[in-house]
1. Testing the spin-label approximation: label points 7 Å from Cα along Cα→Cβ at Leu117 and Lys68. State their distance in nm.
2. How would you rank 186-194, 15-23, highest first, on the average number of other Cβ atoms within 10 Å across their residues?
3. Got a sec? Which residues in segment 119-150 would a label at Glu169 touch, if it sits 7 Å along Cα→Cβ and we count backbone N under 14 Å?
4. On a full-extension model of 0.36 nm per residue, what is the gain between Lys2 and Arg20, subtracting their alpha-carbon distance, rounded to one decimal in nm?
5. Between Leu91 and Ala41, what is the label-to-label distance in nm when each label sits 7 Å out along the Cα-to-Cβ direction?
6. Suppose each label sits 7 Å from its Cα in the direction of the beta carbon; what would the Gln31-Asp177 distance come out to in nanometres?
7. Using the Cα centre of the chain as the reference point, and only Cβ charges (+1 on K/R, -1 on D/E), how large is the resulting charge dipole? Debye, rounded to the nearest 20.
8. Have a look at Ile157, Ser69, Ile105 and report the one farthest towards the positive end of the charge dipole of the chain, computed about the Cα centre with Cβ charges (Lys/Arg +1, Asp/Glu -1).
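Computed from the coordinates by the stated procedures, all read-outs in this text should not be read as laboratory data. Predicted model only: the values in this text are computed from it and were never measured. Methodologically, a virtual Cβ is constructed for each residue, glycine included, from the backbone with ideal geometry; neighbour enumeration extends over all protein chains shown.
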Amino acid sequence: MKKAALRKEFLQKRKDADERWLIEKNALIVQNLEKYLHSRAFGALHTFLPQLNARETDTFGIIDMLRKSFPTIRIAAPYIIPGTREMEHFLVTPFTHLITNQWRIPEPDPLTSEKILPDSIDIVLVPLLAFDRKGYRVGYGGGYYDRFLPQTRPDCIKMGLSLFDEVDEIQDIDEYDIPLDLCITPERVHDFRN
């Protein structure tokens with residue numbers, strides 16, 4: 001399938017999902033991510049923050065888990081520079097003031113938050129609607145992460161989070177599409193590196 005059709009299909013799947021099902025699937029994603037991270041050394045993890053009322057993967061649950069299980073790591077989140085398709089990145093602490101942007105996405109307030117550079121990030125949690133067996137993803141179409149990911153180090157792990165299983169193939173991949181290294185689903189960790 002092509003990106004536009006997959007985007008439409010998976011937005012509808014999320015919209016139709018039962019609230020109890022969403023809570024259960026989000027909890028399983030947190031468990032699978034925690035298990036995966038326990039055997040890894042990392043200092044900084046970047047996560048998207050979920051769009052309000054859009055039924056995205058609940059990364060606030062992930063942030064809670066990270067603070068409890070990995071208290072020394074630095075957690076960062078993006079801030080979209082108004083009028084551009086570029087992002088800056090700021091640390092998220094229990095004291096970070098979040099503001100809501102025009103897309104109803106919480107962001108660290110750039111005036112009161114500490115900036116973090118992309119080359120200091122070890123793991124990026126990448127938002128997506130669907131992903132395929134090769135690790136390519138369908139995002140929301142803005143290209144923000146396609147611009148951000150090349151700014152990270154080559155050894156930075158690009159990790160998707162998906163409430164749903166993979167599709168066979170995304171047919172209209174282009175040269176700007178960057179494959180994921182891993183994708184965490186409620187069922188398992190998909191590793192695309194081997």
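1. Here the modelled spin labels are 3.5 nm apart.
2. Values: 186-194: 13.1, 15-23: 10.7.
Output ranking for 186-194, 15-23: 186-194, 15-23.
3. Residues passing the 14 Å test: 132-136.
4. Values: separation 18, 0.36 × 18 = 6.48 nm, distance 3.00 nm.
Roughly 3.5 nm would be gained on extension.
5. Modelled inter-label distance: 2.1 nm.
6. Rounded to a tenth, the inter-label distance reads 3.2 nm.
7. Values: 26 positive and 30 negative charges, 45 e Å.
Charge dipole, the chain, about its Cα centre: 220 debye, nearest 20.
8. Ser69
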